[in-house]
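Below: one structure, written as structure tokens.
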Amino acid sequence: MFIAILTYKKPLSEVDKFLPAHREYLSAHYAAGDFIASGPQTPRIGGVIMMKADDRTAVDVIIAEDPFHINGIADYQIVEFTPTMFCESTFSCLLR
């Protein structure tokens, strides 16, 4: 499992121009089963994406499709981890 931590390199006015395309990208990867959770950081200096992928190469391919990456909007820090504990129902845990 991987977490992508995005840090904006551009002002929010520039980020917002690419937000609709970024959300379409997110939706496509949720539909494909790649993404588990995502959202903006607080304060809004970037975002976070939790994803499933076989390896770092697969993550790099996925990130390369992000309009934020393509247009130089954000830097990405990728953290790989192995979950050893988790909520049985991810959706209900996220709503708490």
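Express in nm, to one decimal, how much length is gained between Ile45 and Met85 on full extension, taking 0.36 nm for each residue of separation and deducting their alpha carbon distance.
11.5 nm
Skipping prolines and chain starts, which residues have an amide H placed within reach, meaning under 5 Å, of the one on Gln41, given they are 5 or more residues away or on another chain?
HN-HN under 5 Å from Gln41: Gly46, Gly47, Val48.
Using the Kirkwood formula on the Cα atoms of the chain, what hydrodynamic radius do you get, in angstrom to one decimal?
14.0 Å
What is the chain's relative contact order, in percent, from Cα pairs under 8 angstrom and six or more apart in sequence?
Answer for the chain is 44 percent.
In terms of modelled amide H atoms, which long-range or inter-chain residues lie less than 5 Å from the amide H of Lys9?
Long-range HN contacts for Lys9: Ala74, Asp75.
Over the chain, what percent of the accessible surface lies on carbon and sulfur atoms, probe 1.4 Å?
Looking at the chain in its full context, I get 57 percent from C and S.
Comparing Pro20, Pro43, Pro11, which has the greatest mean-square fluctuation in the GNM of the chain with Cα pairs linked when under 10 Å apart?
Among Pro20, Pro43, Pro11, the largest GNM mean-square fluctuation belongs to Pro43.
I'd like the orientation of helix 12-31 relative to the chain: the angle between its Cα long axis and the longest Cα principal axis, in ° from 0 to 90, rounded to 10.
For helix 12-31, the angle is close to 30 degrees.
Taking loop as defined by DSSP and a crowding limit of 11 other beta carbons within 10 Å, which chymotrypsin sites (Phe, Trp or Tyr not before Pro) in region 40-88 fit?
Those that pass, being in a loop and sparsely packed, are Phe81, Phe86.
Return one whole number: the accessible area per residue of the chain in Å², for a 1.4 Å probe. Numbers along the way, then the final one.
Values: 6160 Å² over 96 residues.
Counting only protein heavy atoms, the per-residue value for the chain is 64 Å².
Starting from 0.36 nm per residue, how many nanometres of slack lie between Ala28 and Ala58 once their C-alpha separation is accounted for?
Numbers: separation 30, 0.36 × 30 = 10.80 nm, distance 1.54 nm.
Extending this stretch completely gives an extra 9.3 nm.
Counting helices only, and only those DSSP H runs with n ≥ 4, report the 222 nm mean residue ellipticity of the chain as the sum of -39,500 (n - 2.57) divided by its residues, in deg cm²/dmol to the nearest 500.
-12000 deg cm²/dmol
The values are calculated or read from the model by the stated rules, or taken from the named source; none is laboratory data. Here the structure is a predicted model, which is why all the values come from computation and not from measurement. A quick note on method: Cβ atoms are made from the backbone with ideal geometry, for glycine too, and the neighbour counts reach across all protein chains shown. Side chains included, ligands, DNA and RNA excluded: accessible areas come from the protein's heavy atoms. Shrake-Rupley method; radii C 1.70, N 1.55, O 1.52, S 1.80 Å.
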